[in-house]
Amino acid sequence: MSDRPVAKHRGKCGPLCRCDTIMVACKGVWTQPFWKAVTGEFLAMMIFVLLSCGSTINWSSKDNPQPGDLVLISLCFGLSIATLVQCFGHISGAHINPAVTIAMVCTRKISLSKSAFYILAQCLGAIAGAGILYLVTPSSVAGELGVTKVNEKLSSGHGLLVELIITFQLVFTICASCDSKRNDISGSVALAIGFSVAIGHLFAINYTGASMNPARSFGPAVIMNIWESHWVYWIGPVIGGVLAGALYEYVYCPDPELKNNFKNVLSKAKQSGKYSEVEENKSQVESDDLLMKPGIIHIFDEKKGKDPSGEVLSSV
């Protein structure tokens, strides 16, 4: 018999098997509440695209064409989101937007495995909603079925920036409205989110069509096979959503537990002999406040016994 030690955590399929790791990563996927949430995202997105993109259809005659009613479109998008958040919030969290889902991953509100199913369900729901709209709309008035395009007077870079900004304000509104640490929230959270969507549309319809939702742009693009500058409607909203979520969660209103984790990291760095904080006799409360208020930290080299660079880091 070989005297070679046997690995204690070897997978069932062999020494290189990672089945256990995969199962841990997908923990909770094989449950009924999970699939209710995923199908809820599919259904909510399908209804959203069907109703909202339907408001972009121009029913005026070709003999006397009328411009689209921007207020009508903006209110339809905003009120649709408000209604669906109210209906599906307790089922799936009512993300109804891949940019929101990705932002929730970055702020540790949802697992990576669950987010992958959410985004897939949202995209499929958007395709289904756009497909139903295409079936029930006469071809003479269907037009491009609400496909989002960057204004011809703007570059793709300008469109990217606009989508980033309007998605930023949407996700920041969601984070602030759904913050469990707040006790001053009054009124309807769903309506606040809906108003945020409406405001984004009122501002940006003439610029980019005001997507702020990659799946909303993806569904009609698939049905109509129109992909002009489509990448803008993924990159812009995702960056804007991640920035908004990260700023709110880690800078403006951080979780107390997260603050303690940062404090422990600083303590370990101090014990390693590389860093030393100024005014070590501060109280525990003052140390916590240092993470939230502008402060001063000196880089100190213990081997030389002095601060060679004299550099000062200001925490933001």
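The values are calculated or read from the model by the stated rules, or taken from the named source; none is laboratory data. Note that the coordinates shown come from a computational prediction; the quantities given were computed from them, not determined experimentally. So basically every Cβ, Gly included, is an ideal-geometry build from the backbone, and we count neighbours across all protein chains shown.
Look at the range 217-236: where a residue is closer than 15 Å to Gly146 by Cβ and touching a residue at least 12 places away in the same chain (Cβ under 8 Å) and a partner is assigned to a helix (DSSP H, G or I) and among the polar types (S, T, N, Q), sitting 6+ places away or on another chain with Cβ atoms under 7 Å, you get His230/Ser217; Tyr233/Ser217. Which residues, taken from the range 127-145, are of a type in the set (A, V, I, L, M, F, W, C) and within 27 Å of Gln66 (Cβ to Cβ)? Within the range 127-145, Ala130, Ile132, Leu133, Leu135, Val136, Val141, Ala142, Leu145 meet the criteria. Here the condition is being hydrophobic (A, V, I, L, M, F, W, C) and over 13 Å from the mean Cα position of the chain (by Cα); of Leu164, Leu124, it holds for Leu124 alone. All of Val85, Val105 fail the test of being assigned to a helix (DSSP H, G or I), of a type in the set (Val, Ile, Thr), closer than 20 Å to Tyr250 by Cα and out of contact with any His (no Cβ under 9 Å at 6 or more places or on another chain), apart from Val105.
Considering the conditions (1) of a type outside the set (Val, Ile, Thr); (2) modelled with pLDDT under 95; (3) over 17 Å from Gly241 (Cα atoms), Asp179 is excluded by exactly one of them, (3).
Regarding Leu84, is this residue surrounded by fewer than 22 Cβ atoms within 10 Å (Cβ to Cβ), of a type in the set (A, V, I, L, M) and within 25 Å of Gly236 (Cα to Cα)? Judged against the criteria, Leu84 is not a match.
Taken over the range 118-150, residues that are surrounded by fewer than 22 Cβ atoms within 10 Å (Cβ to Cβ), in contact with a helix residue (DSSP H, G or I) (Cβ under 7 Å, 6 or more places away or on another chain) and at pLDDT below 95 amount to 3. Residues considered: Ile223, Ile205, Ile185. Of these, the only one that is at pLDDT below 90, among the β-branched types (Val, Ile, Thr) and touching a helix residue (DSSP H, G or I) at 6+ places or on another chain (Cβ under 8 Å) is Ile185.
Here's the yes/no breakdown for (1) touching a helix residue (DSSP H, G or I) at 6+ places or on another chain (Cβ under 9 Å); (2) at pLDDT below 70:
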{"position": "Ser217", "(1), (2)": "yes, no"}
{"position": "Val238", "(1), (2)": "yes, no"}
{"position": "Gly241", "(1), (2)": "yes, no"}
{"position": "Val251", "(1), (2)": "no, no"}
{"position": "Ser267", "(1), (2)": "no, no"}
{"position": "Lys293", "(1), (2)": "no, yes"}
{"position": "Phe300", "(1), (2)": "no, yes"}
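Would a scan of the range 188-209 turn up a residue that is touching a Lys or Arg at 6+ places or on another chain (Cβ under 8 Å), in a loop (DSSP other than H, G, I, E, B) and assigned by TED's automatic domain parsing to the domain that holds Cys53? Yes, the range 188-209 contains a residue that is touching a Lys or Arg at 6+ places or on another chain (Cβ under 8 Å), in a loop (DSSP other than H, G, I, E, B) and assigned by TED's automatic domain parsing to the domain that holds Cys53.
Table: residues versus (1) of a type in the set (S, T, N, Q); (2) over 30 Å from Phe218 (Cα atoms); (3) surrounded by 10 or more Cβ atoms within 10 Å (Cβ to Cβ); (4) modelled with pLDDT under 75.
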residue	(1), (2), (3), (4)
Gln32	yes, no, no, no
Leu50	no, no, yes, no
Thr56	yes, no, yes, no
Leu75	no, no, yes, no
